[in-house]
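Working notes, beginning with the structure itself.
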Amino acid sequence: MREDWKALHAIGVMGGTFDPIHNGHLFAAEAVRQGFGLDVVIFIPAARPPHKNASEVSDPETRYVMVELATADNPYFVVSRIELDRPGPSHTVDTIAALKENTGPDTDIYFITGADAMQDLYKWKDHDTLLLLCKIVAVARPGYSLKVTESLRSHLGDALWARIYPFEVPALAISSSEIRERVRTGKSIKYLVPPTVEHYIRKVGLYVK
Ligand code: ATP
Ligand code: MG
C-alpha cells in the first residue's frame, strides 16, 4: 500500500472482518467512491475484531489474501495491513488516527460501514473522537438508512450526527455469514463473491465445516 496520502483530497476506508469479502462489500465501496468523489478506498481487514470470537473467524492472513484477490481489478481499491500488523484488538478509532498521520490536513477520510453496524456506533471505542477524525458513510438498502441513523441522533448530539452520511445502495442482502453457510451446505456462491475469491475458498477448503 502506498504510504503517502498527503496529496489526496478524499479517502474512503472500508473496515471489516471480510470472512470472506463479498460483492456486497465491493459494490458498496464502489458506489460510495463514485458518490463521494473519493480518490481511493482502502480496505482494512480487521485482525481481531473486538466484537467477534477469535476461534470463529478465519485466520487474518487468509482473509487478507481474499481481500487482495477481490480488489485487484479495481484501480481505486487498495488494501492495508495496518490492523494485521498492529498488536491488540482492532479498534476503528486507532486505525483512523494512524491513517491521519499519513494524510494532509485537508484530506477528508470517509469511513464506510453498513447501517446495521452503525446502530451500535455509540458503543464503539472513543466514538466521539472517531467522528471528529473522519466522516462516516452509513450504507443501507433504500428506505432503511435514515431510520437507523435517526435513532443514533440522541446518543451523539447534532454536531456529531451531522458527520454521518446515510447512503443508499440497491438491496444487497449478501453477508459473509450467508456465504459461509452456503459453502458448508454445498450451495453455490457463484455471483456472490468474485470468481478469484470463490476459487481461493475452494482451493484451501474454507468453510466446509
Ligand atoms: P458477517 O455476516 O460475518 O457479519 P458481513 O457480511 O457483515 O459478515 P463484515 O466483514 O462483518 O461482513 O462487514 C464489513 C462491513 O461491510 C460492515 O460495515 C458491514 O456493515 C458492511 N457490509 C456487510 N455486508 C454488506 C452488504 N451486503 N452491503 C453493504 N455493506 C455491507
Ligand atoms: Mg457483519
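For the charge dipole of segment 81-152, defined by +1 on Lys and Arg C-beta atoms and -1 on Asp and Glu C-beta atoms about the Cα centroid, which residue among ALA115, ILE82, LEU132 has the Cα displaced farthest towards the positive pole?
Highest projection toward the positive end goes to ALA115.
Could you give the size of the charge dipole of segment 10-173 about its Cα centre, using +1 on the Cβ of each K and R and -1 on the Cβ of each D and E, expressed in debye and rounded to the nearest 20? Provide the component values of the computation, followed by the final result.
On the way: 14 positive and 21 negative charges, 64 e Å.
For this selection, approximately 300 debye.
To the nearest 0.05, how large is the calculated FRET efficiency for ASP39 and ARG141 if R₀ is 25 Å and r is the Cβ-Cβ distance?
Working: r = 26 Å, r/R0 = 1.06.
According to the calculation, E is roughly 0.40.
Under Stokes-Einstein, with the Kirkwood radius over Cα pairs standing in for Rh, what whole-number D in µm²/s applies to segment 10-173 at 4 °C and 1.567 mPa s?
81 µm²/s
As I understand it, the dipole of the chain uses +1 on the Cβ of Lys and Arg and -1 on the Cβ of Asp and Glu, about the Cα centre. Which of PRO142, PHE43, THR185 lies farthest toward its positive end?
THR185
How would you rank 172-185, 106-119, highest first, on the average number of other Cβ atoms within 10 Å across their residues? It would help to have the intermediate numbers written out before the result.
Values: 172-185: 15.6, 106-119: 19.0.
Top to bottom by mean Cβ count within 10 Å: 106-119, 172-185.
In nm, give the distance between the simple-model label positions of GLU61 and ASP85, each being 7 Å from the Cα along the Cα-to-Cβ direction.
The two pseudo-label positions are separated by 1.5 nm.
Let me check against my output: what whole-number percent is the relative contact order of the chain, with C-alpha pairs under 8 Å and at least 6 apart? Provide the component values of the computation, followed by the final result.
Numbers: 333 pairs, mean separation 50.9, N = 209.
In percent, rounded to a whole number, it is 24.
Using only helices, what value at 222 nm comes out for the chain when you add -39,500 (n - 2.57) per DSSP H run of length 4 or more and divide by the total residues, to the nearest 500 deg cm²/dmol? Before the final figure, lay out each step's value.
On the way: 10 runs with 79 residues, N = 209.
Using -39500 (n - 2.57) per qualifying helix, the result is -10000 deg cm²/dmol.
When ranked by the protection proxy of mean other Cβ atoms within 10 Å per residue, highest first, what sequence do the peptides 61-70, 79-88 form?
On the way: 61-70: 20.2, 79-88: 15.8.
With the highest mean Cβ count within 10 Å placed first, the list reads 61-70, 79-88.
Could you give the size of the charge dipole of segment 94-209 about its Cα centre, using +1 on the Cβ of each K and R and -1 on the Cβ of each D and E, expressed in debye and rounded to the nearest 20?
Working: 16 positive and 14 negative charges, 174 e Å.
Computed charge dipole of segment 94-209: roughly 840 debye.
Report the number of Lys pairs in the chain whose alpha-carbons are under 27 Å apart, with separation of 8 or more residues or on distinct chains.
Count of close lysine pairs: 24.
No lab work stands behind these numbers, since they all come straight from the coordinates. None of these values were measured; they are calculated from a predicted model. Glycine gets a Cβ as well: all are built from the backbone with ideal geometry, and neighbour counts include every protein chain shown.
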